[in-house]
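Each value in this text was obtained by applying a stated rule to the coordinates, not by laboratory testing. Source: prediction; values computed, not measured. Neighbour counts are summed over all protein chains in view; Cβ atoms, including those assigned to glycine, are modelled from backbone coordinates with ideal geometry.
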Amino acid sequence: MVPLVVVKLGGGLITEKAMLTTSKSEVIHRLTAEVAEAEQHGVRVVLVHGAGSFGHLRAKQWALADGRSDAVGGDDCTSQDEAVARVREDMMLLSKEVCSALGAAGLTTSSHPPHAWAEGTGPSFKGDVLRLVPDHRTPVTWGDVVPVHGPKEFGILSGDDLVYRCAMELPNVVRVVFAMGGADGVLRRPPVAGEPQELISVWSEDEGYVGHHASDIDVTGGIGLKVQRAQSIASAGIETSFVNGEVAGRLRAAVLGEDVRGTRFPPAQKG
């Protein structure tokens, strides 16, 4: 069976996170070209991407992560229901751009909007993850506003939770790669302009770090959630790493399991 790699493209990497629905097209094309090149070397990729400015800003304004409420946003929507619809539409647009770039790099894709097949939030959401098993196409899915049972009615399903479930449930997953922007991997403390980054090259359980969560923008847990999910995946025996997707070639190298600057979460020994 062909080795499978789950790749997460961070929303802050592929969009201008502070500018509503603004993508980084050149970055998207370079990253998808690296994915396509890696697939030519004997692996298959399941691609999960973040929301960035296509999801977080409007979701924050309308408190969509908290579910049904009397929240009033300050954008061009008139209700939470309209905001839910707009976020889903915006995420479809971003995913379409990602899929188009993968197509330009020579890959055929399949698109899987979570609001159409998943229910609930967190790592125990309900949904058939096996729909993401690659056939002749590269599956693409993303963080989204999904239905939630009960009075909440809806909530935000993080792309990081999708990555975790893919790693746990898809067959023959050999590694997981989180590609991020702004840092070479997991840092011991938030980066400061003009100062060297304190990169954690190899994660250990007793590693001390102070993660930065942009709570004014991010609605899904930020770097802290990514680290938690990476720890759980590595504990299940699957190689996991964080790399800087802004540096050309690092995503490709990480997908192929090559030595690359970043943070490595050593897989627990099975058996």
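Among bridges DSSP assigns within the stretch 84-166, what percent are antiparallel (round to 5)?
Taking every DSSP beta bridge with both residues in the stretch 84-166, the antiparallel ones total about 70 percent.
What ranking do Leu94, Leu9 get, fewest neighbouring Cβ atoms within 10 angstrom at the top?
Ordered from fewest to most neighbouring Cβ atoms within 10 Å, Leu94, Leu9 come out as Leu94, Leu9.
By its C-alpha gyration tensor, with a ≥ b ≥ c as the square roots of the eigenvalues, how is the stretch 1-152 shaped: rounded for a/c under 1.5, else prolate for a/b larger than b/c, else oblate?
The shape class here is oblate.
As I understand it, the value is the acute angle between the Cα axis of helix 80-104 and the longest principal axis of the Cα atoms of the chain; what does it come to in degrees, rounded to 10?
Helix 80-104 sits at roughly 30 degrees to that axis.
So if I take the centroid of the Cα atoms in the stretch 1-18 and the same for the stretch 110-168, what is the distance between those two points in Å?
So the two Cα centres are separated by 15 Å.
Which of Pro267, Thr78, Trp62 sits closest to the plus end of the dipole of the chain, meaning its Cα is farthest towards the positive end, when Lys and Arg get +1 and Asp and Glu get -1 on the C-beta?
Looking along the dipole axis, the top candidate is Pro267.
To test your reading of the geometry: what angle, between 0 and 90 degrees and rounded to tens, separates the Cα axis of helix 25-39 from the longest principal axis of the chain?
Once rounded, the angle reads 40 degrees.
Taking square-rooted eigenvalues a ≥ b ≥ c of the alpha carbon gyration tensor, is the stretch 69-137 rounded, prolate or oblate, where a/c under 1.5 means rounded and, failing that, a/b exceeding b/c means prolate?
It is oblate, given that a/c is not under 1.5 and a/b is not larger than b/c.
With +1 on each Lys and Arg Cβ and -1 on each Asp and Glu Cβ, and nothing else charged, work out how big the dipole of the stretch 4-265 is about its Cα centre, in Debye to the nearest 20. Can you show the working numbers first?
Numbers: 25 positive and 34 negative charges, 75 e Å.
Computed about the Cα centre, the dipole is about 360 debye.
Calculate, in nm to one decimal, what Glu205 and Trp117 gain on full extension: separation in residues at 0.36 nm each, minus their alpha carbon distance.
28.2 nm
Rounded, prolate or oblate, given the Cα gyration tensor of the chain, with a/c below 1.5 counting as rounded?
Values: a/c = 1.45, a/b = 1.27, b/c = 1.13.
Rounded, because the longest to shortest axis ratio a/c is under 1.5.
Taking the Cα-to-Cβ direction at Thr108 and at Ser25 and moving 7 Å from each Cα, how far apart do the two end points lie in nm?
2.7
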